[in-house]
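Right, one structure below, let's go through it.
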Amino acid sequence: MKKILFILITLFLTSCATLKDDIFIRTDLTEQVQPQLTDIEHRLVKQLSNPNDIEMQAVFKDLDELLATPSTDDKYLARVNALMADYYYLRKSTSKTKTYVERALKQNPYDEYALLVNAKRMKANDAIEYLEPLCNRFPKYMRLATYLGHVYAQVNEYAQAVVYFDASLPFLDKLYSDAYLKERNDSYAKYTIGDGISKTVNAIINKEKILLIDMTTLTDEITDAFNTITGNSKWKSSMLADRLKSAGWYFQDAQVATDIAKRKDVAVFLWHLLCINNESKLNMYSNRYRTRTNSPIFDVAIGSLYFDACLAMVENDIMQLTNGRYFEPELLVSGTEFYKYLQKVETLR
């Protein structure tokens, strides 16, 4: 009997030891776990500015492993489920996003990341109504404030967008700025433009990518640069663009009405606007670098059709280089960006 009792006690102690190893008990987000969760969050945020399917698969694997480990800590589980909800949101899986975010909020209704992903599921106006009181109640929830800025930008409330972006982005990891700074700057530019502009101008400024002909239309709408061509009469944009193309403002193989504007196209157009077809001025940089082999801009070769224009844009502080080295001539241009460049050119004319 004693022998049987000894065996039972041994089995009980062994099972308790195994149970202790199997259950992942957290009373809070400890230093051991928090860095891993932060890393996963940063990898998800990075997807907003730099999507990478392989990285997303790795994120899912890490989250799946965390969820497979038993835990008694609701706060910990809420954050992991919220991160998984964001993963599925980025994957555009509506049903699974809903499942995981509801699970996260049930475990901790105050988890900031769970509240964030829940807002992402909503239409813009509903998200604003949801986030406004949350941002007032939790002023340190900077992720919510940044997303509220994003939503305000979506509904063209640019002043409010800038307020929330500027109140939150400086306090978040740089990856959030990488994801939202362009939208913040575009919102500020559109806010400073203000009212009193035509529907045509407003439509072009709000484009994420503009057509070549939009450069002619916008310039004609807000400047008097083409008065010597049109004689102060109203020309159709297509007719005016054809005239400009024949004068070199566009590349000769360009389909002005359908091609998307790139930085090299913008540079050539604006350089002609500054020079007004003064041939010696248009080619001043080619003449200056005639005896050299290395271009001062890494991705703009001497002798290229846009060499003079790109150097002029940089030298006159109209367009900037990336990392102080690259012009990125093939990069697309938004309406807001072109509007800002055009404003700078107007101050130099």
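Summary of values
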{"quantity": "Vicinal HN-Hα couplings computed from phi for the range 164-174 (Karplus, 6.51 cos²θ - 1.76 cosθ + 1.60; Hz; Gly/Pro x)", "calculated": "6, 4, 6, 7, 10, 4, x, 9, 10, 4, 4"}
{"quantity": "13 Å beta-carbon shell around Tyr326, net charge (K/R +1, D/E -1)", "calculated": "0"}
{"quantity": "Mean accessible surface per residue for the chain, computed with a 1.4 Å probe while every protein chain stays in place, in Å²", "calculated": "55"}
{"quantity": "Answer label for volume of the Cα convex hull per residue in Å³ (calculated), chosen among (1) 186; (2) 177; (3) 157", "calculated": "(1)"}
{"quantity": "Karplus 3J(HN,Hα) series, Hz, for the range 139-148 with 6.51 cos²θ - 1.76 cosθ + 1.60 (x for Gly, Pro)", "calculated": "x, 8, 7, 5, 4, 5, 5, 4, 5, 5"}
{"quantity": "Charge-dipole axis of the chain as Lys and Arg at +1 and Asp and Glu at -1 on Cβ define it, positive-most pick from Val45, Ser238, Ile222", "calculated": "Val45"}
{"quantity": "Cα gyration tensor shape for the range 243-349, rounded if a/c is under 1.5, else prolate or oblate", "calculated": "rounded"}
{"quantity": "Exceeding the 26 Å Cα-Cα cut-off - candidates Lys98/Lys207; Lys262/Lys344; Lys96/Lys140; Lys207/Lys281; Lys123/Lys264; Lys182/Lys344", "calculated": "Lys98/Lys207; Lys96/Lys140; Lys207/Lys281; Lys123/Lys264"}
{"quantity": "Pairwise label distance in nanometres, Arg288 with Glu315, each label 7 Å out on the Cα-Cβ vector", "calculated": "0.2"}
{"quantity": "For the range 331-339, 3J(HN,Hα) per residue [Karplus equation, 6.51 cos²θ - 1.76 cosθ + 1.60, θ = phi - 60°, Hz, x = Gly/Pro]", "calculated": "6, 6, 10, 8, x, 4, 4, 5, 4"}
{"quantity": "Surface accessible to a 1.4 Å probe, Ile204 within the full protein complex, Å²", "calculated": "10"}
{"quantity": "Estimated FRET transfer efficiency (Glu328, Ala247; beta-carbon r; R0 30 Å; 0.05)", "calculated": "0.70"}
{"quantity": "Shape of the range 168-304, Cα gyration tensor, a/c cut at 1.5", "calculated": "oblate"}
{"quantity": "Contact order relative to length of the range 225-349, as percent, for alpha carbon pairs under 8 angstrom and 6 or more apart", "calculated": "25"}
{"quantity": "Three-way shape call for the range 68-132 based on the alpha-carbon gyration tensor, with the a/c threshold at 1.5", "calculated": "oblate"}
{"quantity": "Net charge dipole size for the chain [Lys, Arg +1 and Asp, Glu -1 on Cβ; Debye, nearest 20]", "calculated": "300"}
{"quantity": "Point-to-point label distance, Thr347-Asp74, nm (Cα→Cβ direction, 7 Å offset)", "calculated": "5.6"}
{"quantity": "Length-normalised contact order of the chain in % [C-alpha pairs under 8 Å, at least 6 apart]", "calculated": "11"}
{"quantity": "Ranked order, Asp259, Asp186, Asp64 - accessible area, probe 1.4 Å, largest first", "calculated": "Asp64, Asp259, Asp186"}
{"quantity": "Extreme residue, positive dipole direction of the chain, given options Gln36, Asn202, Leu63 (C-beta unit charges)", "calculated": "Leu63"}
{"quantity": "The range 254-349, dipole about Cα centre (Lys/Arg Cβ +1, Asp/Glu Cβ -1), debye to the nearest 20", "calculated": "260"}
{"quantity": "Dipole moment magnitude, nearest 20 debye, the range 158-301 about Cα centre, only Lys, Arg, Asp, Glu C-beta charged", "calculated": "440"}
{"quantity": "Under 10 Å, Cβ to Cβ, from Tyr88 - net charge with Lys/Arg +1 and Asp/Glu -1", "calculated": "+3"}
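The values are calculated or read from the model by the stated rules, or taken from the named source; none is laboratory data. Quick caveat, the model's predicted, so the values are computed rather than measured. No Cβ is skipped: glycine too gets one built from the backbone with ideal geometry, and neighbour counts run over all protein chains shown. Note: accessible area is taken over every heavy atom of the protein model, side chains too, but ligands, DNA and RNA are not part of it. Shrake-Rupley method; radii C 1.70, N 1.55, O 1.52, S 1.80 Å.
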